[in-house]
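Notes follow the structure.
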Amino acid sequence: GQLPTWLQGILLRNGPGMHTIGDSKYNHWFDGMALLHSFTFKNGEVYYRSKYLRSDTYNCNIEANRIVVSEFGTMAYPDPCKNIFAKAFSYLSHTIPEFTDNCVINIMKAGDEFYATGETNFIRKINPQTLETLEKVDYNKYVAVNVATSHPHYDSAGNVLNMGTSIVDKGKTKYLLFKIPSSVPEQEKKKSCFKHLEVVCSIPSRSLLHPSYYHSFGITENYIIFIEQPFRLDIVKMATAYIRGVSWASCLAYNKDDKTWFHFIDRKTKKEVSTKFYTDAMVFFHHINAYEEDGHIVFDIIAYADSSLYDMFYLKNLDKDFENNAKLTSIPTCKRFVVPLQYDKDAAVDSNLVTLPSTATAVKEKDGNIYCQPEILCEGIELPRINYGYNGKKYKYVFATEVQWSPVPTKIAKFNTQTKEMLHWGQDDCWPSEPVFVPSPDAKEEDDGVVLTCVVKTDPKDPPFLLVLDAKTFTELGRATVNVEMHMDLHGMFIPQQDVKTE
């Protein structure tokens, strides 16, 4: 096929690539050593490159020829020494664990620079052209967070907004929203933008010893949306995981009888909206988008009725009959919540406060709390992306992978949130990755551009390819076949040519 002439830049992707080191194996797919790969578009041609992230974790493991650094689903014991004092000492030093810098989930842009990110306090700077690993950044030096999300937001000025959990402070567990500026003052050109990182606000955890797990958060023009779900990390269990010989993943628990609380932070005042909004228990990873309309906040997420998704990716479950055996016990559901921030304070108890046309409800309760029920937009999509120019604004289109009862995507979908229509691309024996939308330079409409996805074939003998679809019609414009072994990846970004600093 043919690529549009305007498509110039780098599609940069990240995900787990190495699961065996020497005789040792990881337990979980998400634990694998990070493998970066990129497709560079230049004058209608595509160039491919891949490289392992040379993290400290990677280097230590390779040098020892076994897994010596713990990951989320795999606890490692670096000290084979049987000396009882040495053992006791190494247990103590793991109480607040030194987390891995195997940044395996996503790519983040901060200032002019690009970073591989995971969910710990470490991120790694990378060169997007050569995929070389550069310095390690520890968020903890600039803000007291032990974990942070891999799905930051970018405001109109290019500043990064992200969230992390602060566990350290004498049981005062809280969620912090922080901002990394896109540029530093002229006189400090040598300093990194992290030196100017600021905490925007903090939200105390409802349970000091059981903070909520979260993978992303939402943003509108005036508000930050944080969802505190009853899928929680047990800090006491986590501190003793090393001694008990279990993984940190076993310290996550979902309580289906609990509530899910919504927090809305005013971006100008940095204060939380005082009304308490909640919904039923759910587990979710990805926010799609959010916007404000007539005194309401509308936000769309992909939610599950349980936490089985994480368990699917234990490597013992990823055998050759994986597609038949790995069945999700809860299908991903695209839910739209409509939350009335401005409502009649004298409204009757049990009345629905939503005045927008939607089947979503928000019911006022006796104690003043507001119980929200969503509108179901569709089912069976994951890894959602939008035209980021519409982030925080009213929008129409979601680009996503389509999953049915198996967690591995078999198709790419384009979903219209307004008409509920869905377009698909799929072929036999193809596993596509998260679709990335790239707008055309003179785009007038939201879906004016292309969708890029890496497609891995189920038969290892068939070469993988990069697929380019017309975002409007979902017809194939072209594909670039790559004669290498390509791994399924997680997330990534498209970097337009003008944003790539040539070294």
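Things to note:
- For Lys179, a cut-off of 14 angstrom between C-alpha atoms picks up these aspartates and glutamates, skipping any fewer than 8 places away in its own chain: Asp155, Glu198.
- Rolling a 1.4 Å probe over the protein heavy atoms gives the chain an accessible area of 44 Å² per residue.
- Cα shape, the stretch 352-448, gyration tensor, a/c 1.5 rule: oblate
- Mean ellipticity per residue at 222 nm, deg cm²/dmol - from DSSP H runs of n ≥ 4 across the chain, formula -39500 (n - 2.57): -2000 deg cm²/dmol
- Too-long pairs where the Cα-Cα distance tops 29 Å, listed order kept, from Lys394/Lys472; Lys25/Lys195; Lys109/Lys444; Lys109/Lys189; Lys191/Lys501; Lys276/Lys393: Lys25/Lys195
- Accessible carbon and sulfur surface of the chain relative to its total accessible area, %, 1.4 Å: 51
- Dipole of the stretch 215-311, positive end: most advanced residue of Tyr254, Ala241, Ser307 [Cβ charges, Cα centre]: Ala241
- In the stretch 243-307, the inverse of the mean reciprocal separation of distinct Cα atoms equals 14.6 Å; this is its Kirkwood hydrodynamic radius.
- For peptides 481-489, 374-382, sequence by mean Cβ density within 10 Å, most packed first: 374-382, 481-489
- Förster radius 25 Å - calculated FRET efficiency between Glu186 and Asp266 (Cβ-Cβ, nearest 0.05): 0.20
- Dipole magnitude of the chain, debye to nearest 20 (Cβ charges: Lys/Arg +1, Asp/Glu -1, about Cα centre): 1220
- Packing rank of 351-360, 492-501, where each peptide gets the mean count of other beta carbons within 10 Å, highest leading: 492-501, 351-360
The values are calculated or read from the model by the stated rules, or taken from the named source; none is laboratory data. In this text the structure is predicted, and so the values were computed from the model without any measurement. Because the Cβ atoms are built from the backbone with ideal geometry, glycine has one as well, and the counts that use them run over all protein chains shown. These area figures cover heavy atoms from the full protein model, side chains too; ligands, DNA and RNA do not enter into them. Shrake-Rupley method; radii C 1.70, N 1.55, O 1.52, S 1.80 Å.
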